[in-house]
Amino acid sequence: MAGWLPFLIPLLAFLATFSVVLALITPIRQARLSLPDDGDRRGLRAYPLLWAVILALARFHENAAGGWLRRLERPLMYAGHPLGLRQGGEFLVLVEAAMLAGVLLCLLLTLLLGLLSPAMFIVSLGVGLFSGWAAFIWLFDRVAQRRRQISRQYPYFLDLAVMVMEAGASLLETIDIFCRDNRDAALGEELQGVLSGMRLGKTLGEALTDLRERLSAEEVRTSINALIQGQRMGTPLGELLREQADNLRFRRSQMAERAAEELKVRITGPVVLMMAAVLVLIIGPALIEVSRSSLF
C-alpha cells in the first residue's frame with residue numbers, strides 16, 4: 001500500500017477536481033451570463049471568467065450555509081471591498097482557494113522531496129487550515145489599515161471644508177474638490193460614494209448616513225453623526241465643520257499626549273536592558289583580566 005500512496009493521492013485529487021468542475025459548468029455559465037455591467041472592474045472583477053466561477057461558488061455557499069455568511073459583509077465593507085469582494089460567500093470562496101492552494105503546495109513539495117506519507121498528508125491539511133485562517137487575518141488587517149487611513153485623512157478634509165465653505169462654496173463642491181485631489185485615498189473613495197448617492201437622488205442627510213455606516217473609525221463616525229444632526233436642525237454647515245475640526249484636533253492632541261506618556265513607560269524596560277548590556281561589555285573584559293591576574 002505504501003508503494004501506491006505517491007500515485008493514489010494525486011489520482012484522488014484529480015478525480016475530485018474533475019468532479020467539481022463537471023458539477024460547476026452549468027452554474028458558471030449561468031453566472032457569466034448574469035454578470036451585471038456596473039462598470040466596477042476592480043480586483044477579481046477584472047477577469048470575467050474567474051469572477052463567474054467565484055459567483056457560482058458563492059451562490060452555492062449562500063444557499064447551503066444560510067445567513068451566517070452575511071456577518072462577513074460588514075468587515076468587507078469596512079475594508080473597502082478588497083479584490084472587489086462584497087458578499088460573504090465570495091470571501092468564503094477566497095478562503096477555500098487559499099486552503100486548497102496551501103494543501104496542494106505542501107503536497108507537491110513533499111512529493112518532490114520524496115517525503116510523502118500519511119503524516120505529511122496530515123501536515124498538509126494543517127497548512128491548508130492555516131492558509132484559510134491567514135485569509136481572515138488579511139481581511140481584518142485591511143479593516144484596521146483602512147480605519148487608520150481614514151482617521152488620518154479626515155482632519156485634513158475638515159480643514160479643507162472649513163476653508164472652502166468660508167470662501168462661499170457648498171459642501172458638495174468641497175467633497176468634489178477633495179475627491180479630485182485624493183481619488184485613490186480611502187476617504188476619497190468613501191466620499192465619492194456620497195456624491196454618487198446624491199446623483200441618484202438621495203438627500204445630503206441620507207448620503208451622510210450611508211457614509212457613517214460604511215466607516216469603522218469611531219471618531220469619524222461621531223463627527224459625521226454630529227453633521228447629520230446639525231443638518232437636520234438647520235445649523236449652518238460652516239459652523240458645524242469648524243466646530244468638528246476644532247474638536248477633532250483637540251482629540252488628536254490628547255491621543256498624541258497619551259501615546260507619548262505610554263511610550264515613556266514602554267521604553268523603560270528596553271533602555272534598562274541596553275544599559276545592562278553596555279555595562280557587561282565594558283566591565284566584562286576587565287573582570288576577566290582581574291580574575292586571570294594574581295590579585296585574587
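Nothing in this text is a laboratory measurement; each read-out follows from the coordinates by a stated rule. Here the structure is a predicted model, which means the values were calculated and not measured. FYI the Cβ positions are ideal-geometry reconstructions off the backbone, even for glycines, and counts take in every protein chain you see.
Model label points for GLU289 and GLN149, set 7 angstrom from Cα along the Cα-to-Cβ axis, are 5.8 nm apart. In percent, rounded to a whole number, the relative contact order of segment 166-286 is 14, using alpha-carbon pairs under 8 Å and six or more apart. Once each part is reduced to its C-alpha centroid, what is the distance from segment 251-295 to segment 106-151 in angstrom? A separation of 38 Å, based on Cα centres. In the calculated pair-distance distribution of segment 148-251, the portion above 16 angstrom amounts to 54 percent of the Cα-Cα pairs. With a Förster radius of 30 Å applied to the C-beta separation of LEU200 and GLU96, the computed FRET efficiency comes to 0.30. As an exercise, use a Förster radius of 22 Å and the Cβ-Cβ distance of ASP181 and GLN229 to find the FRET efficiency, rounded to the nearest 0.05. Between ASP181 and GLN229 the formula returns 0.20. Rg and Dmax of segment 243-296, based on Cα coordinates, read 23.2, 78 Å.
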